[in-house]
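Heads up: the structure comes next, in structure tokens.
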Amino acid sequence: MKSKLVLIDDNILFREGLGALLSRHTDMAVADTMAGGRDVVQAVMRLDPDVVILDIKLAGSSGLDTVAQIKSRMPRVKTVLLTDSRTEDHVTTALRIGVDGYVLKDATLEEVLIAVRSAIKGKKYISPDVSGQLVSGFLHPEQSKSRSSELDVLTNRERGVLQLIAEGRTNRGAAEFLSVSPKTVEKHRASLMQKLGLKNATDVVLAALELGLIDRPSYFAHRTLISSRSGLGSSTTH
């Protein structure tokens, strides 16, 4: 009997390509592929799959929130995160809400298959690079504790805004991603900058790097760093 899969990723080429590759295997059937959005959980409920493969970063929704909702409404459905994020905060949150697999996007197809099949069998799978990072955090708790204590002063929404802004999104872009108003993002941005003692966009990117919310500055974050010299770091210029 084939296991029914649903793929959720904002990159249509990626999700359609992965779907085609997974469909070649006789024990799997891809029921649908879709982008993120407010109604993504309802769509999953209608399809009633065995496994949902999704990214953490989704337009109009959060992969972690989506996993939490799926686990709450459909406990039997397995979830595998397929993401670029290696941050300890994302990994620990994912495990806490009950994700069944955590795989990095630079993994091979064979590793994705292992993760999916492990989830179907009721076993958890975590990419070696990610599990190694968790072990490092266990062996050096002072580093993880320092990061956590600094992040504890922020609300979950402020953490999300910090990450999105550090990745180079404008207030409007972050608002669209979070499905809130730009003014709400501006309020959270001002609050987190005050709490962390940040003065401009450069400080935001460096703080996100230090706290492990981003792995490295992307092209857009790099552009933000440069633009901040001319005043783009102000939360009102968006």
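The values are calculated or read from the model by the stated rules, or taken from the named source; none is laboratory data. Treat the numbers as computed from the prediction; the structure is a model and nothing was measured. Neighbour counts are summed over all protein chains in view; Cβ atoms, including those assigned to glycine, are modelled from backbone coordinates with ideal geometry.
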Inset, instruction - Kindly provide the set of residues from region 1-28 that are surrounded by fewer than 16 Cβ atoms within 10 Å (Cβ to Cβ) and in a helix (DSSP H, G or I), ordered by number. - result: 12, 13, 14, 16, 17, 20, 21, 23
Inset, instruction - Check 41, 51, 80, 103 and return the single one that is within 21 Å of residue 180 (Cβ to Cβ) and either touching a strand residue (DSSP E or B) at 6+ places or on another chain (Cβ under 9 Å) or in contact (Cβ under 8 Å) with a residue 40 or more places away in the chain (or both). - result: 41
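Looking only at region 156-171, how many residues end up being outside any helix (DSSP H, G or I) and at pLDDT 80 or above?
Within region 156-171, the first condition is being outside any helix (DSSP H, G or I), and the residues that meet it are 167-170.
When the remaining residues are screened for being at pLDDT 80 or above, the result is 168-170.
Counting residues in region 156-171 that are outside any helix (DSSP H, G or I) and at pLDDT 80 or above gives 3.
When the residues of region 79-110 are narrowed to those that are under 17 Å from residue 27 (Cβ atoms) and crowded, with 17+ Cβ neighbours inside 10 Å, which ends up farthest from the chain's Cα centre (by Cα)? Before you say what the answer is, go through the steps one by one.
Kept after step one, since they are under 17 Å from residue 27 (Cβ atoms), are these residues of region 79-110: 80, 100-101, 109-110.
Still in the list and also crowded, with 17+ Cβ neighbours inside 10 Å: 80, 100-101.
Working: 80: 12, 100: 15, 101: 13 Å.
Taking the candidates together, the pick is 100.
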Inset, instruction - Could you grab me the full set of residues in region 29-78 that are surrounded by fewer than 16 Cβ atoms within 10 Å (Cβ to Cβ) and of a type in the set (Ser, Thr, Tyr)? - result: 72
Inset, instruction - Of the numbered conditions (1) at pLDDT 70 or above; (2) surrounded by 13 or more Cβ atoms within 10 Å (Cβ to Cβ), residue 153 fails exactly one; give the number of that condition. - result: (2)
Legend entry - Selected residue [in contact with a Pro (Cβ under 8 Å, 6 or more places away or on another chain), within 26 Å of residue 12 (Cβ to Cβ) and modelled with pLDDT of 95 or more] from 77, 52: 77
Inset, instruction - Just need a number here: residues in region 172-186 that are at pLDDT 90 or above and touching a Ser or Thr at 6+ places or on another chain (Cβ under 9 Å). - result: 3
Inset, instruction - Find all pairs meeting these conditions: Cβ atoms under 9 angstrom apart; at least six residues apart or on different chains; first residue within region 106-125 and not assigned by TED's automatic domain parsing to the domain that holds residue 94; second residue buried (at least 17 other Cβ atoms within 10 Å of the Cβ) and of a type in the set (Gly, Ala, Ser). - result: none
